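See structure below.
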């Protein structure tokens, strides 16, 4: 009935200092397996010559107009800057390193390094990277559960989801077209929810076309990528979503993106609010069976998006525990509000946020 999801690999003992030479624009596997919370100090020297003639150091260069049409591993970082990531999961969000920085590892896993360049920018040169780690306190005693917290596996049960609708609707009355399924839940305050999504690389989408136009203009003037395209309003508990988040590549955001909607319930677990949501992955377009217009097509293997959300939170180290629960009446196969089909194993992943 309840299963524990996979977790990141456990850190193994490693040296306190390493030197690496980064010689191209691809990810460099350092081979160092780190633990969540480890503190790494980076000192980087050298330069790269990009195929468009620009020379960049480890801090990178401000983006030019052409860079707005490029897809970078870390869109928030400057062109050519040194970046890193922990683990090679697709949901992992890279972090900026630059020439001189101190970074706390967000989760456990293997450390990778690269220059922040797009696929059409060849980078030739060399970054000499020195990494020093702060000593890690080790203990053989059992882990201590923080006061006022309970393991997530002890908190959840199918009964909690008995009166929570399995699906969302395109009308507030609930009598409209039934759509995507509820496939995840979060335990935490609104501030914890916002912070978790931000750390995991998700952005809060714009709420209206007017907001999108203004935000898109400001992003363009600042040479930044725009990924906050609005999503449609859907309903659960007779009201629209409380929050909406997305992860997308700037060039593909109109057709392909990870996106989700969240509602706060009237329930609490361990003294904190319970939120439920629906996560889907837009993979293109299809005909809307309601009106014959063009609409987004979601990946019918909807459980993949549930796992992507879990992996993105795991890679960012934002939850204290996670587990699956299967409701008494699980959703296994259905159609979206627009007529597309999807299928699932019916489980809901529940994450207790830090």
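I need the shape label for segment 17-133. Rule: rounded when a/c is under 1.5, else prolate if a/b > b/c, else oblate, with a, b, c from the alpha carbon gyration tensor.
Note, shape of segment 17-133 comes out prolate.
Can you give me the distance in nm between label points at residue 191 and residue 266, each placed 7 Å from the Cα along the Cα-to-Cβ direction?
Distance between label points: 2.7 nm.
Could I have the simple spin-label model distance between residue 43 and residue 76, label points 7 Å from Cα toward Cβ, reported in nm to one decimal?
So the label points at residue 43 and residue 76 sit 2.8 nm apart.
Could you order the peptides 65-74, 86-95 from most to least packed, using the average number of other C-beta atoms within 10 Å per residue?
The densest-packed peptide leads the list: 86-95, 65-74.
From the C-alpha coordinates alone, can you work out the Kirkwood hydrodynamic radius of segment 76-115, in Å?
Computed over Cα pairs of segment 76-115, the Kirkwood hydrodynamic radius comes out at 10.6 Å.
Please give the contour-minus-distance gain from residue 52 to residue 343: 0.36 nm per residue of separation, less the Cα-Cα distance, rounded to one decimal in nm.
Net length gain for the segment: 100.2 nm.
Using the per-residue mean of other Cβ atoms lying within 10 Å as a proxy for protection, in what order, highest first, do the peptides 46-59, 306-319 fall?
The peptides rank, most packed first, as 306-319, 46-59.
Values in this text are rule-based calculations from the coordinates and carry no lab data. As the structure is a computational prediction, the values presented were derived from the model and not from experiment. All Cβ positions, even for glycine, are placed from backbone atoms using ideal geometry, and neighbour counts span all protein chains on display.
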